[in-house]
Amino acid sequence: MSDVQRSSGNKYFLKWVAAICRGAGPLSLPAMLMMVFSPYASAAPLSLQGAEAIALRQNPGLGALTQKIAELRHKAVAVAQLPDPHLGLGAVNLPINSFSMNRQQMSMLSVGLSQTFPSFGKLGLEGQQAGMEAQMANFTLRGQAAELVLLLRRAWLQALYTENAMATVRHQEQLEAESVQAALALYRSAQGSQAEVLRAQLARDSLANDITRLQAEQASDLAQIAQILNLPEPPSIEKQWPNLPPPPTLAEMEARLSGQPLLRAAQAQTRAAQMGVQVAKTGYWPDVTVSVGYGQDFHPGSPNWLSAGVNLSLPIFPGDRQDQDVAAAQAKAQQAQYRYDDQHLALTRQVRAAFARYIALKTQLDRTDQRLLPTARNAFSATLAAYSAGRAGLNAVLRTQKEMLDYALARLQYRRDLAISAAELDFLTTQGEMQP
């Protein structure tokens with residue numbers, strides 16, 4: 001239930017309470033129920049476009065990834081900062097026999113401050129690397145959002161298929177009833193047998209099992225839709241087939257693959273790994289620590305003291321440390337590049353396979369609509385008329401009935417699979433625009 005529907009229901013409930021408080025007179029129970037629940041009863045079925053908007057807004061998986069992006073962006077700022085300075089407090093040359101600060105020269109209290117400066121350019125490179133990781137997560141979010149929409153469309157189209165398949169099977173029940181009536185007419189006129197009547201009734205009644213199976217499948221599809229939309233109950237969906245746009249040419253789709261968000265995420269990961277090589281190379285340069293201190297001498301006549309110094313790390317044995325770090329970073333960058341190339345090949349194969357499947361399904365659907373299904377219907381009508389006239393057997397009637405049902409269900413399958421193929425191609429050619 002949407003927030004708009006919930007607030008509307010609350011409004012009507014408050015009106016009912018206000019009417020009672022004003023003493024507007026007794027209301028019957030049906031009238032009160034109509035006032036409270038009429039907004040919910042009139043709620044329109046959910047459209048696919050509306051469901052997609054709900055999924056992108058409410059799915060917890062996308063919400064978690066959005067927070068991951070925020071985490072990486074904050075991290076990118078933090079890693080580019082200098083480390084915190086160190087404050088030092090101490091007692092210097094303190095005699096342990098008396099712990100007096102004014103009996104000996106050089107006994108003093110000191111305070112010092114030191115700051116470490118990492119090797120030149122390291123902080124900036126680490127900040128850029130973290131920013132690229134945030135960019136990778138951004139593209140991953142766009143890709144997962146597109147995958148979620150694809151998953152929703154598949155479940156939606158499957159639910160529509162089962163809905164239309166049940167209507168087709170119920171229509172077939174009516175046709176089977178005509179066969180039963182024809183068998184009964186021949187039996188009553190002594191031109192048919194009771195066995196034929198029973199076989200016709202069996203063919204009609206067995207369709208109830210198909211309807212039960214389709215109802216279970218539809219319940220499963222609606223439960224999956226509710227899970228994707230993060231809803232407590234399966235929604236009521238529109239019965240019309242969605243109008244998904246046809247895909248562009250194969251060449252255009254292959255050209256658009258470079259903007260696919262999952263591929264761009266792999267590309268960003270490669271850039272981050274390459275930046276990691278530059279970060280590792282900064283290990284050849286020393287870290288510098290600058291320190292300054294002030295000492296307070298309490299012995300009479302003694303001066304106070306000021307000290308300053310510079311400390312350097314000494315990367316003088318790079319073979320077992322810096323060289324290994326750089327080699328590991330280079331291997332990681334090469335690994336990321338190989339993953340990018342492999343994903344690009346996989347997406348290219350998926351686009352080509354889905355496009356070929358789309359063309360084949362479109363041809364099959366057109367052929368079924370224009371030739372196969374009309375021919376099967378005409379064959380059944382002609383066979384049933386011949387059987388009613390005693391010129392054909394019941395086997396021929398039952399066979400043509402089953403063929404007509406098979407072609408009708410095949411047509412629905414082609415329509416479902418054609419729309420799913422269009423949804424898959426739309427996902428594969430999704431462009432990974434940057435998120436705000």
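The values are calculated or read from the model by the stated rules, or taken from the named source; none is laboratory data. These figures come from a predicted structure and were not determined experimentally. As a convention, Cβ positions derive from the backbone with ideal geometry for all residues, glycine included, and neighbour counts pool all protein chains shown. When the accessible area is computed, the model is the full protein with side chains, heavy atoms only, and any ligands, DNA or RNA have been set aside. Shrake-Rupley method; radii C 1.70, N 1.55, O 1.52, S 1.80 Å.
Criterion applied to Ser388, Ser381 was being open to solvent by 60 Å² or more (accessible area, probe 1.4 Å) and in contact with a helix residue (DSSP H, G or I) (Cβ under 7 Å, 6 or more places away or on another chain), and the one residue passing it is Ser388. Residue count for segment 73-117, restricted to those that are assigned to a loop (DSSP other than H, G, I, E, B) and either modelled with pLDDT under 90 or within 26 Å of Ala268 (Cα to Cα) (or both): 18.
Scanning segment 308-327 for residues that are under 30 Å from Leu109 (Cβ atoms) and surrounded by 12 or more Cβ atoms within 10 Å (Cβ to Cβ), which turns out nearest to the chain's Cα centre (by Cα)? Per the criteria, the residue is Ser313.
Can you say whether Gly61 is touching a residue at least 12 places away in the same chain (Cβ under 8 Å), open to solvent by less than 70 Å² (accessible area, probe 1.4 Å), touching a helix residue (DSSP H, G or I) at 6+ places or on another chain (Cβ under 8 Å) and not aliphatic (A, V, I, L, M), as far as the supplied structure shows? Considered against the rule, which asks whether it is touching a residue at least 12 places away in the same chain (Cβ under 8 Å), open to solvent by less than 70 Å² (accessible area, probe 1.4 Å), touching a helix residue (DSSP H, G or I) at 6+ places or on another chain (Cβ under 8 Å) and not aliphatic (A, V, I, L, M), Gly61 comes out as yes.
Residue-wise test of (1) of a type outside the set (A, V, I, L, M, F, W, C); (2) open to solvent by 90 Å² or more (accessible area, probe 1.4 Å); (3) outside any loop (DSSP other than H, G, I, E, B); (4) out of contact with any strand residue (DSSP E or B) (no Cβ under 7 Å at 6 or more places or on another chain).
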{"residue": "Val277", "(1), (2), (3), (4)": "no, no, yes, yes"}
{"residue": "Gly295", "(1), (2), (3), (4)": "yes, no, yes, no"}
{"residue": "Arg349", "(1), (2), (3), (4)": "yes, yes, yes, yes"}
{"residue": "Arg357", "(1), (2), (3), (4)": "yes, yes, yes, yes"}
{"residue": "Leu372", "(1), (2), (3), (4)": "no, no, yes, yes"}
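For every residue, the table says whether it meets (1) closer than 23 Å to Arg416 by Cβ; (2) in contact (Cβ under 8 Å) with a residue 12 or more places away in the chain; (3) within 31 Å of the chain's Cα centre (by Cα).
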position: Gln343; (1), (2), (3): no, yes, yes
position: Thr348; (1), (2), (3): no, yes, yes
position: Val351; (1), (2), (3): yes, yes, yes
position: Arg357; (1), (2), (3): yes, yes, yes
position: Lys362; (1), (2), (3): yes, yes, yes
position: Thr368; (1), (2), (3): yes, yes, no
position: Leu372; (1), (2), (3): yes, yes, no
position: Asn378; (1), (2), (3): no, no, no
position: Thr383; (1), (2), (3): no, yes, no
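Selection of segment 225-253 for residues being in a helix (DSSP H, G or I) and surrounded by fewer than 17 Cβ atoms within 10 Å (Cβ to Cβ) yields Ala226, Gln227, Leu250, Ala251, Glu252.
Inspect all residues belonging to segment 156-166 and state whether any of them is at pLDDT 75 or above, farther than 20 Å from Asp406 by Cβ, loosely packed, with under 14 Cβ neighbours inside 10 Å and small (Gly, Ala, Ser). Within segment 156-166, none of the residues are at pLDDT 75 or above, farther than 20 Å from Asp406 by Cβ, loosely packed, with under 14 Cβ neighbours inside 10 Å and small (Gly, Ala, Ser).
Residues checked against (1) closer than 22 Å to Gln413 by Cα; (2) under 24 Å from the mean Cα position of the chain (by Cα); (3) not basic (Lys, Arg):
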site	(1), (2), (3)
Met132	no, yes, yes
Ala145	no, yes, yes
Leu157	yes, yes, yes
Thr168	yes, no, yes
His171	yes, no, yes
Arg188	no, no, no
